[in-house]
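Participant: After the structure tokens below, expect a handful of questions from me.
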Amino acid sequence: MKISLPSRVKKTLAVCLVAASAAAHAAWPERPITLIVPYAPGGAADSLARVLGTHMSTKLGTSVLVDNRPGASGTIGAAAVAKAKPDGYTVLYDATPNSINPHLVASMPYAPGALQPVSLVSLAPNILIVSANSPLKDVNALIAKAKAQPGTVNFASGGSGTVQRLAGELFRQQLNLDMVHVPYKSGSPAITDVMAGQVDFSFSTVIASQPLVASGKLRALAISSPQRSARLPDVPTVAETVIPGFEVYEWNGLFVPKGTPQAVVNKIHQALVESLKEDEVKRRFSDAGAQAVGSTPGEFAEYLKKEDAKWSAVVRKGDIKAD
């Protein structure tokens, strides 16, 4: 027998449910938050995530615990967040491979749109580096050699899914050069072989290569940001030198599972933005060669669309495959 409730009772129940939901969101967080970093401990993303986690813990009144889930170019950790309960207690701190993987991986371990963008956290350019003993004194000399000796100039990276690999490929494509990519298992041995002169050049993160440039072991020919870096003011940009509009960043961003309540997303975003304004956080990001951003979710979503379009075109044109 079907029982029909009076409309007044239905309205009262609806109001109660909304009130209960609002109260639950207002009480959030009631337990520690897990911040998943899909890369190994010790890298730039991991280090900056830990800085943020410490400061966000204070803002949110609960612990923000970093959990490293490396593997498969970041897709293992990202999948863990995409499939987590959308309650705000599992958050992803990801980087540029998030925009590259869908175009390299035949079958992604999570559905498109399963991750909801919260904020673009930071931007860090890459440096085009050569050995300090290289005869290549500037980026034009590198290009001239590649044109004069097609197929003989090579560039290193930490693997096909890395922004360093795609930066080199974008550089090659934009200038229509015939160059050879030499993949390594990570960025560190790639830099080592560039330094030793075993590989002609590489795009590398500021945090990894700037100290070696400063010590005279590497030479910086150009930087991938639209503007010069305050840390390397004498190093020209690729854009001002040879490819107008050239722009490649190692970005970091915050995501939550799709369906996370907006009230919870707002609290996470507020804690992040407030943390990025702290002097210590700004200093730590600057030391890593990164510019703190703290965008809105909408701004981050638009940025991701542009990154997706850029890397999709580069991967397709270069017929790049996963390692």
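Participant: Give just the number: which of (1) among the charged types (D, E, K, R); (2) under 13 Å from Ile268 (Cα atoms); (3) buried (at least 24 other Cβ atoms within 10 Å of the Cβ) does Asp87 not satisfy?
Facilitator: Only one criterion in (1) among the charged types (D, E, K, R); (2) under 13 Å from Ile268 (Cα atoms); (3) buried (at least 24 other Cβ atoms within 10 Å of the Cβ) is unmet by Asp87, namely (3).
Participant: Would you pick out the residues in the range 141-165 that are surrounded by 14 or more Cβ atoms within 10 Å (Cβ to Cβ) and part of a helix (DSSP H, G or I)?
Facilitator: First, pick out the residues of the range 141-165 that are surrounded by 14 or more Cβ atoms within 10 Å (Cβ to Cβ): 141-143, 145-146, 153-165.
Scanning the range 141-165 gives Ala141, Leu142, Ile143, Lys145, Ala146, Val163, Gln164, Arg165.
Participant: Tell me, yes or no, whether the range 277-291 has at least one residue that is assigned by TED's automatic domain parsing to the domain that holds Tyr89 and part of a strand (DSSP E or B).
Facilitator: Yes.
Participant: In a loop (DSSP other than H, G, I, E, B) and either assigned by TED's automatic domain parsing to the domain that holds Arg283 or under 22 Å from Ala95 (Cβ atoms) (or both): which single residue out of Ala40, Ala49, Ala45 fits that description?
Facilitator: On the way: Ala49 fails: in a loop (DSSP other than H, G, I, E, B); Ala45 fails: in a loop (DSSP other than H, G, I, E, B).
Exactly one of Ala40, Ala49, Ala45 is in a loop (DSSP other than H, G, I, E, B) and either assigned by TED's automatic domain parsing to the domain that holds Arg283 or under 22 Å from Ala95 (Cβ atoms) (or both), namely Ala40.
Participant: Let me ask another. Among the residues of the range 292-321, write down those that are surrounded by 17 or more Cβ atoms within 10 Å (Cβ to Cβ) and farther than 30 Å from Met179 by Cα.
Facilitator: Ala292, Val293, Gly294, Ser295, Pro297, Phe300
Participant: Continuing with the same structure: Considering the range 166-214 alone, what residues qualify as being crowded, with 24+ Cβ neighbours inside 10 Å, in contact (Cβ under 8 Å) with a residue 60 or more places away in the chain and closer than 19 Å to Glu247 by Cβ?
Facilitator: Scanning the range 166-214 gives Leu166, Ala167, Leu170, Phe171, Phe201, Ser202, Phe203, Ser204, Val206, Ser209.
Participant: Sticking with this structure for a sec: Can you name the residue in the range 91-138 that is in a strand (DSSP E or B) and of a type in the set (S, T, N, Q) and is also farthest from Thr296 (Cα to Cα) among such residues?
Facilitator: Ser131
Participant: From the list Ser209, Ser225, Ser202, which one is under 26 Å from Ala40 (Cβ atoms) and either in a loop (DSSP other than H, G, I, E, B) or assigned by TED's automatic domain parsing to the domain that holds Asp287 (or both)?
Facilitator: Step by step, each of Ser209, Ser225, Ser202 is checked, and only Ser225 is under 26 Å from Ala40 (Cβ atoms) and either in a loop (DSSP other than H, G, I, E, B) or assigned by TED's automatic domain parsing to the domain that holds Asp287 (or both).
The values are calculated or read from the model by the stated rules, or taken from the named source; none is laboratory data. Worth saying up front: this structure is predicted, and the values here are computed from it rather than measured. With ideal geometry, Cβ positions are generated from the backbone for all residues, glycine too; neighbour counts draw on all protein chains shown.
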